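Engineer: Have a look at the structure that comes next, please.
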Amino acid sequence: QVQLVESGGGLVQPGGSLRLSCAASGSIFSVKTMGWYRQAPGKQRESVALINGVGSTNYADSVKGRFTISRDNAKNTVVLQMNSLKPEDTAVYYCYAGSYSGNNWGQGTQVTVSS
């Protein structure tokens, strides 16, 4: 099993920035892809940014050029740097880790972009 703990969410004005962090523990040797998903009210959970074990990344079209995902394998962490935030980025953000035995999710952290 893999445990994921997110931090860094909060309230920010449009155009601002936030940095989300996720720390993994447990059976981290089995983790392959990590990343961030988000779920806004009334919408399905969607992929935001993913990064595999060798650093290849994928971003949702809606966040390309604004968000950056990074991974520190030595520290077992994944970070999402979010810049130029928009109100439509408001959602609960969930850390994700795909392992050989299944999918793992963090508890979620709220990001609210509002004036």
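The values are calculated or read from the model by the stated rules, or taken from the named source; none is laboratory data. If you're wondering where the values come from, they're calculated on a predicted model, not measured in any experiment. FYI the Cβ positions are ideal-geometry reconstructions off the backbone, even for glycines, and counts take in every protein chain you see. With ligands, DNA and RNA removed, areas are computed over all heavy atoms of the protein, side chains included. Shrake-Rupley method; radii C 1.70, N 1.55, O 1.52, S 1.80 Å.
Engineer: Got a sec? What order do TYR96, TYR59 fall in by accessible area at 1.4 Å, biggest, i.e. largest, first?
Structural biologist: Ranking TYR96, TYR59 by accessible area, largest first, yields TYR59, TYR96.
Engineer: Sort THR77, THR68 from largest to smallest accessible area, using a 1.4 Å probe on the heavy atoms of the protein chains.
Structural biologist: Correct descending sequence by accessible area is THR68, THR77.
Engineer: To one decimal place, what Kirkwood hydrodynamic radius in Å is obtained for the chain from all pairs of distinct Cα atoms?
Structural biologist: 14.0
Engineer: How high is the relative contact order of the chain, in percent, with contacts defined as C-alpha pairs under 8 Å that are six or more residues apart?
Structural biologist: 37
Engineer: Still on this structure: Near LYS32, which aspartates and glutamates are there with a Cα under 12 Å away, not counting those fewer than 8 places off in the same chain?
Structural biologist: In chain and number order, there are no partners.
Engineer: So, one more: Using a 1.4 angstrom probe on the protein heavy atoms only, could you order ARG71, ARG66 from most to least accessible area?
Structural biologist: Correct descending sequence by accessible area is ARG71, ARG66.
Engineer: Next question, about the same structure. List the lysines whose alpha-carbon lies under 26 Å from that of LYS86, not counting same-chain residues fewer than 8 positions away?
Structural biologist: Reachable lysines: LYS43, LYS64.
Engineer: Nearest 20 debye, what's the magnitude of the dipole of the range 22-115 about its Cα centre given +1 on Lys and Arg Cβ and -1 on Asp and Glu Cβ?
Structural biologist: In total the dipole reaches around 60 debye.
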